[in-house]
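Chemist: Got a structure for you, written out below as structure tokens; questions coming shortly.
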Amino acid sequence: MKSLPKVELHTHLEGAAPPAFIRGLAQEKGMDISGVFAPDGGYAFKDFWHFLKVYEAATSTLTTPEDYHRLTLAVLEESAAHGVIYTESFMSPDFCGGRDLSAWREYLHAIQEAAAQAEAQMGIILRAVVTCVRHFGPEKARETALCAAETAGDFITGFGMGGDEQSGKQGDFAWAFDCAREAGLRLTTHAGEWGGPQSIRDALDDLRVERIGHGVRAIEDDALVDHLAEREIVLEVCPGSNIALGLYPDWQDHPIERLRERGVKVTISTDDPPFFHTTMTREYDRLADAFGWNEDSFRDFNIVAAHAAFCDTETRARVLKKLEQTDD
Ligand SMILES: [Zn+2]
């Protein structure tokens, strides 16, 4: 499964940071973030809310555009090692320059330079989805959306929202999403992970997104499952993340197979892979064990993902061609 070409739509740039990279950066800067790590050297957290705290502490080591250049390279190297040929990463002006547009441009320049380098060296394509942070509130989301709108283009192709799903309502962020849509950005938001089916309906009705981050709790509402299938809403499903955070007890209990059977377009991603002790290879292996999926099944998921990718037609054609090259 490791060498199978993969398309990944849902990762967080900082959340994908290899722990050794963050530890090294903290040492260079003389920062003490030892509470972030478990004895085995990985990230340590108790539950989702503690995860958000640990995530912020780890992210606090990333303070300059140069740090983000190195981070982007480290993350893409890891993804490419697991066969990822196209990846979308959530990145945020909240963490890159505190929502100041000129600072954000500098961070972005560094990230984009690293992405170009990775593409030339490893063939992996990166596109960026700017995200606002839900628990920072709607006012900050407006500033984030303005940064996204100003930098929309070939690289920044989407806008979304992450963070604590139980903070406020999707609709509170409508201004930010409208602003991003007007700038030509394509939209996704985290919903139906910690929030129930209603959070998915709110995302579709109030923010008019075309993809949903997670969305797995749609399974609790039959009418919603039908609605997602009919409207061809793509779910960015991150099974290993859901299981690590205790949303489902085991891989067999994860609803991804039931959603697929009912015609919902599902895709597979890792979310914050080192935090959840996962990789794309591990996701595929566990899903193959749980549901008997084979390489052909995974190719189908990857084709769905390529069609749902927030990229231009020329990039999509290149990605699809690579997926098809594995045909016998
Ligand atoms: Zn996520």
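Chemist: Which Cα, out of Phe298, Cys147, Val129, lies furthest along the positive dipole direction of the chain (beta carbon charges, K/R +1, D/E -1)?
Modeler: Cys147
Chemist: Go through the stretch 193-295 and name the trypsin sites (Lys or Arg not before Pro) that are in a DSSP coil and have 13 or fewer other Cβ atoms within 10 Å of their Cβ.
Modeler: Arg208
Chemist: Follow-up question, since we're still on this one. From the residues Trp49, Pro274, Cys179, which one has its Cα farthest along the dipole of the chain in the positive direction, the dipole being from +1 and -1 charges on Cβ of Lys/Arg and Asp/Glu about the Cα centre?
Modeler: Of the options given, the answer is Cys179.
Chemist: Relative contact order of the chain, please, whole-number percent, based on alpha carbon pairs below 8 angstrom and at least 6 residues apart. Intermediate values should be presented prior to the final figure.
Modeler: Values: 595 pairs, mean separation 60.9, N = 328.
Relative contact order of the chain: 19 percent.
Chemist: After finding the eigenvalues of the alpha carbon gyration tensor for the stretch 75-162, what semi-axes result from the square roots of 5 times each, listed largest first in whole Å? Working shown, then result.
Modeler: On the way: eigenvalues 121, 36, 20 Å².
Those come to 25, 13, 10 Å.
Chemist: For the stretch 227-327, give the magnitude of the charge dipole about the Cα centre (Cβ charges: +1 Lys/Arg, -1 Asp/Glu; no others), in debye to the nearest 20. If you can, show how the numbers build up before the last one.
Modeler: Numbers: 12 positive and 19 negative charges, 41 e Å.
Using only the charged Cβ atoms, the result is roughly 200 debye.
Chemist: Rank Val7, Ala110, Pro239 by how far each Cα sits towards the positive end of the charge dipole of the chain (+1 on Lys, Arg Cβ; -1 on Asp, Glu Cβ) and give me just the farthest.
Modeler: Ranked along the dipole, the leading option is Ala110.
Chemist: Beyond 27 Å, what percent of the Cα pairs of the chain remain? Each step should come with its number before you reach the end.
Modeler: On the way: 20900 of 53628 pairs.
Roughly 39 percent, rounded to a whole number.
Chemist: So if R0 is 22 Å, what FRET efficiency would Asp222 and Asp296 give, r being the distance between their Cβ atoms, rounded to the nearest 0.05?
Modeler: After rounding, the FRET efficiency stands at 0.15.
Chemist: Report the paramagnetic label zone for Ala120: residues of the stretch 59-75 whose backbone N is under 15 Å from a point 7 Å from Cα along the Cα-to-Cβ axis.
Modeler: Only 73 pass the distance filter.
Chemist: Please compute the modelled spin-label separation between Asp253 and Glu28, points set 7 Å along Cα→Cβ, answer in nm with one decimal.
Modeler: 4.2 nm
Chemist: Distance from a point 7 Å along Cα→Cβ of Glu150 to each backbone N in the stretch 173-214: keep the residues under 16 Å and list them by number.
Modeler: 179-180, 183
Chemist: If Lys and Arg each add +1 and Asp and Glu each add -1, what is the summed charge of the other residues whose beta carbon sits under 14 Å from the beta carbon of Val7?
Modeler: Spelling it out: positives minus negatives among the neighbours equals +3.
Chemist: Long-range amide H contacts for Ser92: which residues qualify at under 5 Å (H placed 1.01 Å from N, peptide plane, sequence gap of 5 or more or a different chain)?
Modeler: HN-HN under 5 Å from Ser92: Thr131.
Chemist: Which FRET efficiency, nearest 0.05, do Gln325 and Lys169 yield, Cβ-Cβ r, R0 56 Å?
Modeler: After rounding, the FRET efficiency stands at 0.80.
Chemist: Can you compute the charge dipole magnitude of the chain about its Cα centre, using +1 on each Lys and Arg Cβ and -1 on each Asp and Glu Cβ, nothing else charged? Give it in debye, rounded to the nearest 20. Don't skip to the answer; put the middle values down first.
Modeler: Numbers: 32 positive and 55 negative charges, 51 e Å.
Value, rounded to 20: 240 debye.
Chemist: Could you give the alpha-carbon Rg of the stretch 68-123 over 2.2 N^0.38 Å, rounded to two decimals?
Modeler: Ratio of Cα Rg to 2.2 N^0.38 Å: 1.17.
Chemist: Still on this structure, I have one more. Mind checking which aspartates and glutamates have their C-alpha under 14 Å from Lys29, skipping anything on the same chain fewer than 8 residues away?
Modeler: Filter leaves Glu66, Asp67.
Chemist: To continue, here is another question. Checking understanding here: applying a Kyte-Doolittle mean of at least 1.0 and a length along the axis of at least 27 Å (C-alpha), which whole DSSP H helices in the chain pass? Present the calculation step by step, with values, prior to reporting the outcome.
Modeler: Numbers: long enough: 101-122 (30 Å, -0.23).
For the chain, where a helix must reach 27 Å along its axis and average at least 1.0, there are no hits.
Chemist: Per-residue ellipticity at 222 nm for the chain, helices alone: DSSP H runs ≥ 4 residues times -39500 (n - 2.57), over residue total, nearest 500 deg cm²/dmol? Walk me through the numbers before you get to the answer.
Modeler: On the way: 13 runs with 154 residues, N = 328.
Calculated from helices alone, the mean residue ellipticity at 222 nm is -14500 deg cm²/dmol.
Chemist: Taking H placed 1.01 Å from N in the peptide plane, check which residues at least 5 places from Arg186 or on another chain put their amide H under 5 Å from its amide H.
Modeler: Here the answer is Gly158, Phe159, since their amide H atoms fall under 5 Å of that of Arg186.
Laboratory data are not the source of any read-out in this text; all were calculated from the coordinates shown. In this text the structure is predicted, and so the values were computed from the model without any measurement. In this analysis, Cβ positions are derived from the backbone assuming ideal geometry, glycine residues included, and neighbour counts consider all displayed protein chains.
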